[in-house]
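Below is the structure I would like to discuss, written out as structure tokens.
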Amino acid sequence: MFNPWVALSLKAVQMGVQAQSVIALRMLRLATGGARTKAEAARMVTEKVVSTAETAEAQAVAAPSALSGRSPHVVASKRRGVVKKRVRANKRRVASSRRAAARLASNARGKGVAVKKAKKA
């Protein structure tokens, strides 16, 4: 790349797209209901606590680089790397449900998902 900030920006966009796909897959899983939904909801809450610790870890990884005089884009890349691991792991785990992945793909192709209409009382 010509500019290291451009490369970092493109990688950040990629990670953002992956995060959005994780959110979409999770919403599909939550919409199905059942025991898996409860487990996913509980996991989402615990991940928020873990992510707080990982943010501190990311700062700890980036701090030595910043103090040693490395350029800011290198420091930002190190921090992004720590967060990227979690996003990638979530995507793999959530996408392991083939049914949810198939629904997301069919929705993306414009076929849509059948929605039941509520009965009037």
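Only one of (1) surrounded by 11 or more Cβ atoms within 10 Å (Cβ to Cβ); (2) in a helix (DSSP H, G or I) is not met by Ala42, so which one is it?
For Ala42, the exception is condition (1).
A further question follows. Determine, yes or no, whether Ser9 is free of Cβ contacts under 8 Å to residues at least 24 places away in the same chain and surrounded by fewer than 11 Cβ atoms within 10 Å (Cβ to Cβ).
Taking the combined requirement at face value, the residue does not satisfy it.
Quick test for you: out of Lys48, Lys38, pick the one residue that is over 20 Å from Leu8 (Cα atoms) and over 16 Å from the mean Cα position of the chain (by Cα).
None of the other options fit; the residue is Lys38.
So which residues in the range 3-32 are within 25 Å of Val74 (Cα to Cα), among the hydrophobic types (A, V, I, L, M, F, W, C) and touching a Lys or Arg at 6+ places or on another chain (Cβ under 9 Å), if there are any at all?
The answer is Leu8, Ala12, Met15, Ala19.
Of all residues being among the hydroxyl-bearing types (Ser, Thr, Tyr) and within 20 Å of Val87 (Cβ to Cβ) in the range 51-74, which is surrounded by the fewest Cβ atoms within 10 Å (Cβ to Cβ)? Just the residue, please.
Per the criteria, the residue is Thr52.
Then there's this: With the requirement that a residue be touching a residue at least 24 places away in the same chain (Cβ under 8 Å), assigned to a loop (DSSP other than H, G, I, E, B) and closer than 30 Å to Ala42 by Cα, what does the range 66-100 give you?
If the condition is that a residue be touching a residue at least 24 places away in the same chain (Cβ under 8 Å), assigned to a loop (DSSP other than H, G, I, E, B) and closer than 30 Å to Ala42 by Cα, then Ser97 is the only one that fits.
Starting from the range 42-65, take each residue that is closer than 25 Å to Ser77 by Cβ and free of Cβ contacts under 8 Å to residues at least 40 places away in the same chain and list its partners that are surrounded by 11 or more Cβ atoms within 10 Å (Cβ to Cβ) and among the charged types (D, E, K, R), counting only C-beta distances under 6 angstrom and pairs at least six apart or across chains.
From residues that are closer than 25 Å to Ser77 by Cβ and free of Cβ contacts under 8 Å to residues at least 40 places away in the same chain, the pairs are Ala58/Arg79; Val61/Lys78; Ala62/Lys78; Ala62/Arg79; Ser65/Lys78.
Can you tell me which residue in the range 75-86 is nearest to the chain's Cα centre (by Cα), limited to those that are of a type outside the set (Lys, Arg) and crowded, with 16+ Cβ neighbours inside 10 Å?
The selected residue is Val83.
Still on this structure, please answer the following. Restricting attention to the range 12-35, and to residues there that are without any contact (Cβ under 8 Å) to a residue 24 or more places away in the chain and more than 15 Å from the chain's Cα centre (by Cα), which single residue is nearest to Val83 (Cα to Cα)?
For the range 12-35, the residue satisfying everything is Leu30.
Taking the range 24-52 as the search range and keeping residues that are among the small types (Gly, Ala, Ser) and within 18 Å of Arg88 (Cα to Cα), which one is modelled with the highest pLDDT?
Among those residues, the one meeting the criterion is Ala24.
The values are calculated or read from the model by the stated rules, or taken from the named source; none is laboratory data. All values reported here derive from a predicted model rather than from experimental measurement. In this analysis, Cβ positions are derived from the backbone assuming ideal geometry, glycine residues included, and neighbour counts consider all displayed protein chains.
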